[in-house]
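The structure under discussion appears below in the form of structure tokens.
Read-outs throughout are calculated quantities, based only on the coordinates presented, and are distinct from any laboratory measurement. On a predicted model such as this, the values are computed, not experimentally measured, just so you know.
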């Protein structure tokens with residue numbers, strides 16, 4: 001599995017251990033599929049990282065997601081950890097955001113057996129649940145109502161844009177991309 005294909009700005013590439021940390025602890029992700037009409041479809045999902053795969057779930061009812069997956073198992077899954085917006089130059093367009101992100105490319109498969117669905121639900125509740133809720137653990141009466149999917153990762157990229165120190169942000173420093181530009185007269 002490659003950790004850096006397709007990253008134009010190599011200086012923003014995350015090391016593999018940071019990519020893995022985001023996969024394990026990121027809050028949610030966006031799953032992108034392609035339909036038979038060629039249009040992409042993207043939706044936000046909670047996820048877990050189990051056995052080197054990204055696991056997600058949706059309703060068992062066959063809708064847009066399942067139709068696309070049945071058409072083409074190739075998918076893309078994106079996780080982002082946004083940070084602060086900051087100014088780096090004197091013009092409004094000289095603005096950026098700090099972030100860390102991971103994009104996984106791979107193939108998605110339906111995990112139909114009850115053992116896999118239970119494994120997923122247990123991991124999901126371990127990640128997102130709260131023991132103080134006082135609900136019965138490992139009791140999932142609606143397994144038949146969900147479809148669980150696992151993404152086998154074929155390519156993996158990770159990027160970051162760290163928040164600069166205050167001393168490296170505008171107005172302390174001016175990193176305008178158009179240093180010779182003059183604003184219009186008032």
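What angle, in degrees between 0 and 90 and rounded to the nearest 10, separates the Cα long axis of helix 16-25 from the longest principal axis of the Cα atoms of the chain? For 16-25 against the chain, the angle is about 60 degrees.
The GNM of the chain, with springs linking C-alpha atoms under 10 angstrom apart, assigns the highest mean-square fluctuation among 108, 151, 50 to 50. No solvent, one uniform scatterer per C-alpha: report log10 I(q)/I(0) for region 30-153 via the Debye equation at q = 0.11 1/Å, two decimals. So the normalised log intensities are -0.49. Relative to the longest principal axis of the chain, what angle (0 to 90°, nearest 10) does the C-alpha long axis of helix 114-128 take? Around 40 degrees separate the two axes.
In whole percent, what relative contact order does the chain give with Cα contacts below 8 Å and a gap of six or more residues? Each step should come with its number before you reach the end.
Numbers: 338 pairs, mean separation 56.0, N = 186.
Computed over the chain, the figure is 30 percent.
Structure remark: mean-square fluctuation, Gaussian network model of the chain, C-alpha springs under 10 Å; the largest value among 29, 158, 83 belongs to 83.
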